[in-house]
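Trainee: A single structure is presented below for examination.
Please treat every number below as a calculation from the coordinates, not as lab data. Quick caveat, the model's predicted, so the values are computed rather than measured. Using ideal geometry, Cβ is built from the backbone for each residue, glycine included, and neighbour counts are taken over all protein chains shown.
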Amino acid sequence: MTCSHFMALLDGFIDGEIETAISDEMQHHLRECNDCSNEYASALRLKKTLADMTVPDPGNEYWQETTDIIMARTVGADSSQPHNAETVSDKRAFVRSMLSLAASLLILFTAMLLGAGQDGQSILLNPPSAEVVHPSSINQDSVPMQQGVFAPTDDQTRLLRGTLLLASPGAPGLATAMARMGVGVNPTSDKK
Amino acid sequence: MLKSIPELVNDFIEGDDSAFAELIRRYRDKIYALGYQILGSHLDADDVVQETFVRIYRRRREMASVKYFSTFLIRIATNYSIDLLRKRKSRSALSDDASSLPGHIQLDLARGVPNPSDTFEQKRVMEEIRKALDLLPPKQRLTAILHDIEGYSKSEIAEAFDCPEATVRSNLHIARTKLRKLLKRRKDT
Ligand SMILES: [Zn+2]
């Protein structure tokens, strides 16, 4: 075995990865060659020193604290934000409340118009010669939007009733859904 | 009964937070040691432990395609450690041109307190080795630390670095040769 051949196999030799036949040849070369013997001793010493490199033990208290911090930064940060399933249900709640708001508006206007029909007056306007409006005949012509902006006391009462109709159930549902979806609220930022 | 790592990883992917906590408990000291050996201080090692597990948690959906959890963990930890090393290098390069000199005072200050059970001679040798390791390029340094200090196999390192085993052997050979020369030079001076 030549010195260069020995040196090429030195790493494998000290890591115990060389097959027996070649390893025997290397042992033989070591007994005969001073240079390779010195290189081998130096490599072995380095390997042993590296293997002995210790790390100070930070202690149980450190481990408990660090594990808690990691859990807070991961699982904790995740649970403070809505999960996907919740987001979907919140979206559904939002759609539901929008539909119920639309239904409330429809009921309000129908109620206002019906009320106006019973009193023989339109709620949205107060023309002196307003005709009796039957629900089935409500159209743009019988409710001229351009005339009159002030509603008299009776009409204000009807407006109030309509507003109450409007408020339930759409508005609270909408407000809740918007709050749960975080509309207007800053999402929890990921802390370092 | 104690769950196996693949079982824990599977539970973790499926959203079991207690499995994640158990994975932290089983691997935290290995990641701490790795961070400490690469960066040389308790503060940096702590940073590596926290950031590695936070990144693992964020990437848990990728875990299903990961062959070995431990090598994936090493990859994340070493990549983050290299980032820290680079940041530290560029920081000290800005503040001090002598940062690459052996025995740079900034690195010495960053080091933690050595284990009190070590003898004075052991401490001195370890300090010499750390200084010599600091002078190696990142891949050679990491290979030497992972293989010769932390005891990972060449195939594990190849898996972690996503490179052929021959590259690991070559990096290890260069690192060992340089370390021997550096230590010899220090001894002679
Ligand atoms: Zn020889």
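Trainee: What does the convex hull of the alpha-carbon atoms of the stretch A:1-55 project to on average, in nm²?
Mentor: Taking a quarter of the hull surface, the average projection is 3.8 nm².
Trainee: Check each of the GluC sites (Glu not before Pro) in the stretch B:118-189 and keep only those in coil by DSSP with at most 11 other C-beta atoms within 10 angstrom; list them in order. Intermediate results must be reported in sequence, preceding the final value.
Mentor: Values: sites: B:Glu121, B:Glu127, B:Glu128, B:Glu150, B:Glu156, B:Glu159, B:Glu165; in loops: B:Glu150.
Sites meeting the loop and neighbour criteria: none at all.
Trainee: Can you flag which of A:Lys47/B:Lys139; B:Lys87/B:Lys154; A:Lys48/B:Lys181; B:Lys67/B:Lys139 are past 26 Å Cα-Cα?
Mentor: B:Lys87/B:Lys154
Trainee: Please report the relative contact order for the stretch B:114-189, taking Cα pairs under 8 Å with a sequence separation of at least 6, and give it as a percent rounded to a whole number.
Mentor: 33 percent
Trainee: Return the loop-located trypsin sites (Lys or Arg not before Pro) in the stretch B:25-71 (DSSP other than H, G, I, E, B) with at most 16 other Cβ atoms within 10 Å of their own Cβ; answer none if there are none.
Mentor: B:Arg59, B:Lys67
Trainee: Let me ask something additional. Taking a ≥ b ≥ c as the square roots of the eigenvalues of the Cα gyration tensor of the stretch B:114-189, is the shape rounded (a/c under 1.5), prolate (a/b larger than b/c) or oblate? Could the numbers behind the result be given before it?
Mentor: Working: a/c = 3.04, a/b = 1.63, b/c = 1.86.
It is oblate, given that a/c is not under 1.5 and a/b is not larger than b/c.
Trainee: While we're on this one: Which GluC sites (Glu not before Pro) in the stretch B:1-94 pass both tests, a DSSP loop state and at most 15 other beta-carbon atoms within 10 Å?
Mentor: B:Glu14
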